[in-house]
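Read the figures in this text as sums done on the coordinates, not as results from a lab. Everything numeric in this text was worked out from a predicted model, so none of it was measured. Every residue, glycine among them, receives a Cβ derived from its backbone with ideal geometry; neighbour counts consider all protein chains shown.
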Amino acid sequence: NAGVMQNPRHLVRRRGQEARLRCSPMKGHSHVYWYRQLPEEGLKFMVYLQKENIIDESGMPKERFSAEFPKEGPSILRIQQVVRGDSAAYFCASSDLGQKVVHEQYFGPGTRLTVT
Amino acid sequence: AQTVTQSQPEMSVQEAETVTLSCTYDTSESNYYLFWYKQPPSRQMILVIRQEAYKQQNATENRFSVNFQKAAKSFSLKISDSQLGDTAMYFCAFMEEYGNKLVFGAGTILRVKS
């Protein structure tokens with residue numbers, strides 16, 4: 001029973017390039033969450049998606065960041081024109097229940113993005 | 001907005017001893033959920049224990065237990081019989097009753113010494 005999978009585990013980008021981070025939820029899970037962990041800090045919520053819908057993007061920076069969770073395939077977190085401040089660990093989590101009930105979130109191993 | 005505060009940046013404990021990690025939070029909600037997550041050097045986030053605010057009984061999972069004081073908005077984690085594998089960063093987290101996002105504290109680094 002595979003857990004939440006994220007790839008790549010490590011990603012190096014030069015300033016101005018695009019970064020694409022992928023997340024495959026646990027089997028049967030249709031809810032995906034993205035969190036960002038800056039060095040020496042806790043995780044910060046970015047966005048919550050269900051299949052083909054963005055439910056809550058209150059934690060997403062207004063520019064350069066976007067997320068999607070298509071009907072088929074993994075969820076993608078996309079960062080355009082990366083800057084050094086984007087260097088962080090990006091975690092994806094998934095769950096299998098809707099908002100009516102607390103849903104336990106299972107985390108992936110994270111993608112460490114380094115911007116040079 | 002809810003906030004979660006972990007006032008101990010680092011803690012150390014001898015193997016087999018007991019250690020308590022502190023967490024306080026701020027919310028105006030009456031029902032909510034609290035969690036402790038462990039992040040070992042591998043950086044994988046692992047759920048250790050969770051507590052529903054409407055339950056008065058403190059949650060327990062093997063060597064891990066919590067002291068939930070709702071009125072004081074305090075949620076501490078006690079680790080008994082500490083093991084070397086408990087060395088990790090520990091995060092306290094909050095979620096609204098019908099919420100969809102976890103609010104994390106800054107974390108406490110726990111080092112278990114042999």
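Observations
- Residue list for region A:33-74, filter: among the small types (Gly, Ala, Ser), farther than 15 Å from B:Phe104 by Cβ and surrounded by 17 or more Cβ atoms within 10 Å (Cβ to Cβ): A:Ala67
- Residue in region A:80-98 that is assigned to a loop (DSSP other than H, G, I, E, B), away from chain B (no Cβ under 14 Å) and charged (D, E, K, R) present: no
- Residue satisfying all of: in region A:41-71; more than 8 Å from chain B (Cβ to nearest Cβ) and closer than 18 Å to A:Arg84 by Cβ; nearest to the chain's Cα centre (by Cα) among these: A:Phe65
- Checking each residue in region B:27-56 for being farther than 13 Å from B:Lys70 by Cβ and outside any loop (DSSP other than H, G, I, E, B) picks out B:Phe35, B:Trp36, B:Tyr37, B:Lys38, B:Gln39, B:Ile46, B:Leu47, B:Val48, B:Ile49, B:Arg50.
- Test: residue in region A:14-31 that is closer than 22 Å to B:Tyr32 by Cβ and assigned to a strand (DSSP E or B): yes
- Under the condition of being over 13 Å from A:Leu113 (Cβ atoms), surrounded by fewer than 22 Cβ atoms within 10 Å (Cβ to Cβ) and either small (Gly, Ala, Ser) or under 15 Å from the mean Cα position of the chain (by Cα) (or both), the residues counted in region A:5-28 number 5.
- A:Ile54 vs. criteria farther than 30 Å from B:Glu10 by Cα and out of contact with any Leu (no Cβ under 9 Å at 6 or more places or on another chain): yes
- Test for A:Val4: is it closer than 19 Å to B:Ile46 by Cβ and among the β-branched types (Val, Ile, Thr): yes
- Output for region B:63-110, where each listed residue is part of a strand (DSSP E or B) and closer than 22 Å to A:Ser95 by Cβ: B:Phe64, B:Val66, B:Phe75, B:Tyr90, B:Phe91, B:Cys92, B:Ala93, B:Phe94, B:Met95, B:Glu96, B:Val103, B:Phe104
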